[in-house]
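This report refers to the structure that appears directly beneath it.
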């Protein structure tokens with residue numbers, strides 16, 4: 001009988017997989033509702049969480065809107081646009097860092113470390129703070145813990161940038177079930193109700209990155225035919241153009257270069273962004289700065305603005321042409337261009353896209369939210385909630401290995417559908433050689449020096465044989481997240497070979513694990529502190545009660561021995577009180593509770609008796 | 001496993017592209033890692049492998065040139081690139097002139113640009129012609145299984161590879177000269 005009621009409620013309450021758009025400027029989290037994808041607002045009711053993290057004096061963090069406000073007051077320990085640093089080495093971003101107010105810590109060779117006063121942090125750790133905030137928002141909104149996510153990345157992100165995003169997720173306590181390319185995610189949200197068949201292009205121009213993808217939609221299949229882009233091109237660059245003009249003006253008008261003044265620069269940046277956004281709707285706007293009573297105003301006409309950004313707009317068209325060519329689809333057959341990302345509100349960009357694709361750009365969707373909504377759809381696909389839809393994405397960059405003379409031999413071509421794999425057989429060059437080092441690169445150029453070094457794989461433990469006798473078959477696999485893994489077998493013995501990975505940029509597996517351990521330890525520390533505080537509060541209460549009881553008649557009813565036991569227990573509790581061992585305090589609390597049991601009973605009885613007497617009267 | 005078997009096809013050089021796409025989509029729905037993301041790690045890993053194999057197969061089979069090369073390999077032909085350095089005799093004179101023009105361009109002679117662009121157009125046309133020639137040979141092997149046909153295809157493929165290298169070379173030099181001019 002009891003069998004019939006043996007229902008495991010746990011397995012039916014499946015926890016939600018959320019979709020996250022981890023943007024350069026803003027981030028969002030969404031989930032799949034019964035009706036479709038929905039954005040989850042934060043406690044402040046806002047959908048957008050600014051991707052800004054500020055490190056406070058005590059080592060805690062402010063994230064999102066509160067951090068945005070700190071950008072003015074404490075610019076040197078408040079980080080924005082950290083996505084541009086993900087998966088990068090110091091030499092990649094030296095140009096860029098001129099516009100950032102924060103300091104680079106020493107030992108920033110394989111990964112950048114930012115010096116934020118109380119802490120030194122890598123870009124994945126900073127991104128993890130943004131993700132953790134989104135996780136908290138989702139948990140508060142859904143009323144359940146959230147541990148799994150789909151996170152979007154620019155389509156043109158390389159392996160290191162993808163790995164860094166995945167690391168950030170793990171550091172935030174999220175299992176990243178899938179990295180989805182942003183334009184592809186947008187197409188999922190768009191294709192959900194707008195179109196089921198045809199060829200579309202997604203033009204995604206966000207705060208820091210530009211992507212173009214061309215997809216074939218066929219009865220629920222979203223097949224990416226080609227993708228291209230520039231991970232270093234976005235609205236930030238447009239802002240910087242206006243900043244340069246304003247800084248020059250101010251230097252002339254005020255007789256002072258404010259470019260090293262973090263607070264003034266941030267205020268100016270805000271003014272510049274306001275003017276830029278305004279210009280999408282009116283023919284002229286004013287950059288309006290008021291810094292400690294000093295004023296600067298400059299009118300920018302749309303014509304001037306368009307001249308200023310002309311080359312930036314032009315730079316997005318090259319990747320578009322390449323993607324069209326790679327898709328092998330004549331441009332006339334592209335039915336629609338879907339516009340994604342805040343920068344696509346700029347009229348000059350819309351008209352350039354329209355001219356190139358000879359199609360009216362589709363601007364009917366909220367360009368800030370569509371990527372997160374698409375990520376939620378993908379989360380629904382993974383959980384099985386969304387049936388019949390499937391994304392077939394591609395790797396944006398060719399993958400190759402270094403060969404003789406610093407030349408790259410290509411193994412997997414760009415725009416190959418992922419997962420994609422390639423096999424290559426290696427052998428030894430000298431007698432008795434025990435390991436082979438394979439240098440893997442990403443990029444379209446012929447020479448090693450022009451491609452992006454991805455990692456070095458060390459095949460170790462090869463049986464010592466004459467040169468050329470060993471045959472090691474190495475399998476390169478780019479998984480559905482666009483991340484490479486390498487495995488190797490000894491062809492002669494069929495034995496799996498050990499491969500040691502040395503990533504060229506980013507955190508090693510060990511570093512990520514150490515960081516996760518540290519955050520656990522930190523969480524444990526927080527837990528201990530809370531326990532300690534609670535134990536002391538309880539001790540306060542029982543000590544006060546004991547003190548009060550001593551004035552009661554019942555105290556006199558106790559034997560001398562019993563009174564001594566209570567006093568002893570009080571002394572022990574007081575001794576443990578100022579230590580940091582909450583378990584000890586709890587033990588002493590229990591002792592005192594035991595010792596005062598009789599006292600409490602007697603007091604109860606006295607109270608009871610007097611109460612009874614009371615009723616009789 | 002053979003790519004053709006995976007798609008339930010017999011080994012043929014001609015393929016119905018729309019049927020191939022349909023089968024690819026069906027197999028993808030079944031094997032894509034998305035279907036396994038909440039399954040145990042071993043099953044996930046297997047899905048990545050199966051799916052990678054499926055994608056590799058589709059990439060080869062849908063492209064006539066890659067498909068022809070695959071069939072040649074399966075039929076035991078060596079299709080190494082060792083012969084690409086030999087100039088096909090009918091191109092000898094042209095390649096000689098082209099190399100001179102390329103050399104002049106490298107030395108900043110902008111007036112050879114026209115000549116190179118013309119040559120590029122010619123090679124592109126030649127490439128298209130070669131592609132048509134290869135595809136016209138497909139049904140002949142499919143029907144006869146005559147190894148001489150494959151031998152001919154291999155010859156045309158080698159010529160194609162040579163022409164492709166020329167196109168790449170000219171495009172690269174033109175782009176480089178264009179960059180330098182700016």
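Derivation of every value follows stated rules applied to the coordinates shown; laboratory data play no part. Not measured: the values here are computed from a predicted model. Reconstructed Cβ throughout: ideal geometry from the backbone, glycine too, with neighbour counts over all protein chains shown.
What's the average, rounded to a whole number, of partner chain beta-carbon atoms within 10 Å of each residue's beta-carbon in A:412-423?
For this peptide, the per-residue mean of nearby foreign Cβ atoms is 4.
Binning the C-alpha pair distances of segment A:399-507 at 10 Å intervals from 0 yields a P(r) profile of 15, 45, 33, 8 %, listed from the shortest bin outward.
Shielding by partners for B:58-68, please: the mean number of other protein chain Cβ atoms within 10 Å of each residue's Cβ.
Averaged over the peptide's residues, the number is 1.
Projecting label points 7 angstrom from Cα along Cα→Cβ for residue A:332 and residue A:311 puts them 3.6 nm apart.
When shorter helices are ignored and each DSSP H run of at least 4 residues is given -39500 (n - 2.57), the per-residue value for chain B at 222 nm works out to -25000 deg cm²/dmol. Diagonalising the gyration tensor over the Cα atoms of segment B:6-82 and scaling each eigenvalue by 5 before taking the square root yields semi-axes of 28, 16, 9 Å, largest first.
Taking the alpha carbon gyration tensor of segment A:282-364, multiplying each eigenvalue by 5 and rooting it gives semi-axes of 34, 12, 11 Å, largest first. When restricted to Cα atoms, segment A:54-207 yields an Rg and a Dmax of 17.1, 55 Å, respectively. If you take every DSSP beta bridge whose two residues both sit in the protein assembly as shown, what share of them, in percent to the nearest 5, is antiparallel? Of those bridges, close to 80 percent are antiparallel.
Across peptide B:44-50, the mean count of Cβ atoms from other chains lying within 10 Å of each residue's own Cβ comes to 4. By the Kirkwood approach, averaging reciprocal distances over each pair of separate Cα atoms, the protein assembly as shown gets a hydrodynamic radius of 31.1 Å. Using only Cα atoms and rounding to the nearest 10 degrees, what angle (0 to 90) does helix B:41-62 make with the longest principal axis of chain B? So the inclination is approximately 50 degrees. Overall size of segment A:511-616 from C-alpha positions, given as principal axis extents largest first: 75, 32, 16 Å. Binning all Cα-Cα separations of segment A:333-468 at 5 Å, short to long from zero, yields these whole-percent fractions: 2, 8, 11, 11, 12, 12, 12, 11, 7, 5, 4, 3, 2, 0. Estimated from helices alone, the mean residue ellipticity of chain A at 222 nm is -13500 deg cm²/dmol (sum of -39500 (n - 2.57) over DSSP H runs with n ≥ 4, per residue). Remark on segment A:41-143: Rg and Dmax equal 14.0, 44 Å (Cα only). For segment A:83-137, the Cα-based Rg and Dmax, in that order, read 11.8, 36 Å. Using the average count of surrounding beta-carbon atoms within 10 Å as a protection proxy, the listed peptides A:123-135, A:431-443 rank, highest first, as A:123-135, A:431-443.
Compactness of segment A:235-308, taken as the C-alpha radius of gyration over 2.2 N^0.38 Å, stands at 1.03.
Scaled to the compact-protein estimate 2.2 N^0.38 Å, what is the alpha-carbon radius of gyration of chain B, rounded to two decimal places?
1.35
Using a Förster distance of 25 angstrom, determine the FRET efficiency expected from the C-beta separation of residue A:511 and residue A:91, and round it to 0.05. Between residue A:511 and residue A:91 the formula returns 0.80.
Over segment A:468-563, consider all pairs of different Cα atoms and compute the Kirkwood hydrodynamic radius from their mean reciprocal separation; express it in Å, one decimal. That comes to 20.5 Å for segment A:468-563.
For the pair segment A:367-381 and segment A:57-96, the centres of their Cα atoms are 26 angstrom apart. The alpha-carbon positions of segment B:77-174 define a convex hull whose volume is 90 Å³ per residue. For segment A:20-69, the average shadow cast by the Cα convex hull is 4.1 nm², which is a quarter of the hull's surface. Computed from Cα positions, the angle between helix A:159-171 and the longest principal axis of chain A comes to roughly 10 degrees. Taking all Cα pairs closer than 8 Å and separated by 6 or more residues, the relative contact order of segment B:3-62 comes to 44 percent.
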